[in-house]
Amino acid sequence: MTTPPDALVAAPHDALYIAGEWRPAATGDTIPVVDPATEEVIAHVPAGTAADVDAAVRAARAALPGWAATPPEDRAARIAAIRDGLTARADEIAATVTAELGAPPKIAAAVHAALPARVAASYADLAATYPFVEKVGNSTVYAEPVGVVGAITPWNYPLHQIVAKAAPALAAGCAIVLKPAEDTPLTAQLFAEVVHDAGLPPGVFNLVTGLGPVAGQALAEHDGVDLVSFTGSTAVGRRIGAVAGAAVKRVALELGGKSASVILPGADLARAVNVGVANVMSNSGQTCSAWTRMLVHTDQYDEAVALAATAAAKYGERIGPVVSAAQRDRVRGYIERGVAEGARLVAGGPDAPRERGYYVRPTVFADVTPDMTIAQEEIFGPVLSILRYEDESDAEAIANGTEYGLAGAVWAGSDEEAAAFARRLHTGQVDINGGAFNPLAPFGGYKRSGVGRELGTHGLTEYLQTKSLQF
Ligand code: NAD
């Protein structure tokens with residue numbers, strides 16, 4: 001791993017961003033930020049508490065009426081300024097994500113820095129063009145902002161997860177309090193600087209860094225929050241859903257996944273396997289929509305396993321560390337469990353590939369059966385499970401046989417055949433024969449993978465509520 005020059009990594013703020021300014025937190029407690037490639041502490045940020053969350057929510061409530069009444073084209077102009085700020089500071093964003101997440105510089109630039117600018121651009125367009133007023137017979141229907149949004153985000157795509165909430169919320173006319181993941185707060189602070197420079201009115205966007213069970217929970221529970229938008233684990237999402245339900249407030253949950261890549265017999269096997277392995281190893285396996293289960297017909301199984309083992313071996317030196325020591329231990333624990341339950345290791349394994357840094361070896365398991373832990377639970381590391389199926393209905397049952405339903409892939413001899421099979425999958429997104437990521441397509445889960453959708457028009461409507469006037 002190349003460590004980025006310090007000059008490019010965003011300088012930490014020892015303050016919270018509330019009501020348009022950097023303010024000291026209520027207590028002097030801090031959270032250390034660790035570079036997962038070196039295990040060194042690179043910064044400290046404030047550990048916000050319930051008092052800080054309360055101040056931020058009050059600032060958001062005060063700013064809400066003015067922002068909600070701002071014409072959509074003016075809101076669009078401010079989001080366009082955020083897009084420009086993200087584009088101008090792309091190198092700094094990439095370096096900061098490399099420093100606190102461990103993403104290799106290439107993926108940090110191509111994905112972590114570039115994708116959020118594209119998403120911000122899409123909402124600058126949507127804010128300017130979305131029909132916020134519609135005629136329905138004798139009614140006029142207004143799409144109005146939901147109000148104050150409490151956004152709680154994870155560390156795996158630190159800036160993308162923030163922008164996928166903040167940009168549509170701003171487009172809708174909502175005010176926001178963000179509580180980012182404790183592992184990646186520097187990227188969130190950099191985003192607050194970009195928002196500030198974009199000239200948003202004070203209080204429309206607020207940032208409280210802090211621990212999940214303290215600041216995150218206080219935000220989810222706050223009476224002044226109208227919608228909680230959460231991305232993270234299913235365990236925490238369930239709690240947040242319960243809190244929001246009890247308070248009758250809106251909630252959006254983007255949770256885990258255990259997505260299947262189904263390779264039907266007519267597919268280009270080598271391409272399907274190579275793209276599938278790349279999909280899992282990318283971001284060191286820390287992608288909620290990763291195709292962590294590969295389903296292969298019994299006649300092609302051995303060939304696919306050999307291809308996957310070769311492909312995974314190439315990632316040995318290229319892959320970054322996982323985000324933290326806890327995550328590394330969790331992933332290694334799953335690899336050990338796979339071995340103990342009888343799966344066959346064909347690449348990687350639980351042992352440490354380097355002396356320093358939270359690295360995990362790119363790992364591929366063959367002879368995985370649907371009931372095994374590694375075929376059911378989200379590992380969130382560079383671990384692929386290859387399962388065998390006998391016929392299409394068997395493949396469908398295995399693909400649909402987990403509690404999750406976030407994403408997936410189908411590979412076949414034709415797009416039509418793959419699409420027909422994809423319609424049978426209980427999941428929110430399916431890539432057909434390697435179809436490209438579309439930042440305007442709705443992203444979100446069936447079953448325990450979540451509630452609601454992000455990105456594009458569907459992501460915008462999450463932050464709107466409707467009022468109809470009859471004439
Ligand atoms: P996590 O649930 O532990 O944390 C996510 C966020 O919630 C963090 O900001 C954390 O501080 C906060 N949090 C933790 N406890 C909380 C509480 N009691 N109340 C309020 N907030 C709390 O998850 P993580 O380890 O940061 O992220 C990994 C998980 O996120 C994986 O399971 C992954 O699949 C999921 N994820 C899903 C998506 C998606 O779009 N569906 C995207 C990324 C990650």
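At a glance:
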{"item": "Set of lysines near Lys249 by C-alpha distance (under 23 Å), chain-local residues within fewer than 8 positions excluded", "result": "Lys165, Lys179, Lys447, Lys467"}
{"item": "Accessible area (Å², per residue) of the chain, counting only protein heavy atoms and a probe of 1.4 Å", "result": "38"}
{"item": "Helix-only mean residue ellipticity at 222 nm for the chain, each DSSP H run of n ≥ 4 adding -39500 (n - 2.57), per residue, nearest 500", "result": "-11500 deg cm²/dmol"}
{"item": "Within the chain: Cβ-based charge dipole about Cα centre, in debye rounded to nearest 20 (Lys, Arg +1; Asp, Glu -1)", "result": "700"}
{"item": "C-alpha center-to-center spacing [the stretch 303-327, the stretch 388-442] in angstrom", "result": "23"}
{"item": "Mean Cβ count within 10 Å, highest first, over the residues of peptides 38-50, 197-209", "result": "197-209, 38-50"}
{"item": "Order by protection proxy (mean Cβ within 10 Å, highest first), peptides 442-454, 72-84", "result": "442-454, 72-84"}
{"item": "Potential lengthening between Arg424 and Ala340 on full extension [0.36 nm per residue; Cα-Cα distance subtracted]", "result": "27.0 nm"}
{"item": "The stretch 260-439: relative contact order as a whole-number percent, Cα under 8 Å and 6+ apart", "result": "29"}
{"item": "Peptide ranges 162-175, 123-136 listed from the most packed, as the mean C-beta count within 10 angstrom indicates", "result": "162-175, 123-136"}
{"item": "Cβ charges +1 (Lys, Arg) and -1 (Asp, Glu), total dipole of the stretch 260-439, debye", "result": "920"}
{"item": "Over the stretch 15-103, relative contact order from alpha-carbon pairs under 8 Å, at least 6 apart, %", "result": "28"}
{"item": "Sulfur and carbon atoms: percent of accessible area, the chain [1.4 Å]", "result": "53"}
{"item": "Antiparallel %, DSSP beta bridges [both residues in the stretch 260-439], to 5", "result": "15"}
{"item": "Relative contact order of the chain, defined on C-alpha pairs under 8 angstrom at six or more residues apart (%)", "result": "17"}
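The values are calculated or read from the model by the stated rules, or taken from the named source; none is laboratory data. None of these values were measured; they are calculated from a predicted model. Every residue, glycine among them, receives a Cβ derived from its backbone with ideal geometry; neighbour counts consider all protein chains shown. Just the protein is used for accessible areas: all its heavy atoms, side chains included, with ligands, DNA and RNA removed. Shrake-Rupley method; radii C 1.70, N 1.55, O 1.52, S 1.80 Å.
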